[in-house]
Amino acid sequence: LPVVFGVCLASASEVSFSAVSLTSGLLSNVAFALRAIAAKSVMSGGDIGSNLTSQNLYGVLTLMALLGCLPVAALVEGPRIAAGTAATVEKMGRRTFARQLLLLGTSHYFYNECAFLALSSVHPVTHAVANTVKRVAVILI
């Protein structure tokens, strides 16, 4: 609760404060904490397979999230995804767009894989507090 209050306090002092953004950030924190708790219980749950390391578990969860979110995104966003992507490629150029997309995806994947490696070494609450502190640092910096 003190960490959540700290996030609220840090967000409320921002010039461009938005209640929707604050709520989204808090819900995101809850979702990441629940994911970490569920993942930690799978990691320490015993015999679940010979190759399900923390890195492989993150890969499986990423693919499951893609399969779950892709149909929803296609239904909600529909043709706007293609139009927005085409406009961005037009503005940036195909090569720059592809390079930045690859760098963004790769760095985000490896960041989260490192977070799963850290989760395999610490308690989920410690991991959640560190994640929240990271978010506060991002807001303030």
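The values are calculated or read from the model by the stated rules, or taken from the named source; none is laboratory data. Computed from a prediction, not measured in an experiment: that's the story for all the values here. With ideal geometry, Cβ positions are generated from the backbone for all residues, glycine too; neighbour counts draw on all protein chains shown. All accessible areas refer to the heavy atoms of the entire protein, side chains included, with ligands and DNA or RNA removed. Shrake-Rupley method; radii C 1.70, N 1.55, O 1.52, S 1.80 Å.
Taking 7 Å steps out from each Cα toward its Cβ at residue 63 and residue 34 produces label points 2.4 nm apart.
Rolling a 1.4 Å probe over the protein heavy atoms gives the stretch 15-116 an accessible area of 73 Å² per residue. Extension gain, residue 138 to residue 73: 0.36 nm times the residue separation minus the Cα-Cα distance gives 20.7 nm.
Expressed as a whole percent, the accessible area of the chain that falls on carbon and sulfur atoms is 72 (1.4 Å probe). Extension gain for the segment residue 125 to residue 9, taken as residue separation times 0.36 nm less the Cα-Cα distance, is 39.7 nm to one decimal. Answer with a single label: of [x] 28, 25, 15; [y] 23, 18, 14; [z] 25, 17, 14, which was calculated as semi-axes √(5λ) of the Cα gyration tensor in Å from the structure in view? Computed from these coordinates, semi-axes √(5λ) of the Cα gyration tensor in Å corresponds to label [x].
In this simple spin-label model, placing a label point 7 Å from the Cα along the Cα-to-Cβ direction at both residue 80 and residue 95 gives a separation of 3.3 nm.
Of the peptides 21-31, 96-106, the order by per-residue mean of other Cβ atoms within 10 Å, starting with the highest, comes out as 21-31, 96-106. Pull out a ≥ b ≥ c, the square roots of the eigenvalues of the alpha-carbon gyration tensor of the stretch 71-141, then state rounded if a/c is under 1.5, prolate if not and a/b is larger than b/c, and oblate in the remaining case. Cα axes put the stretch 71-141 in the prolate bin.
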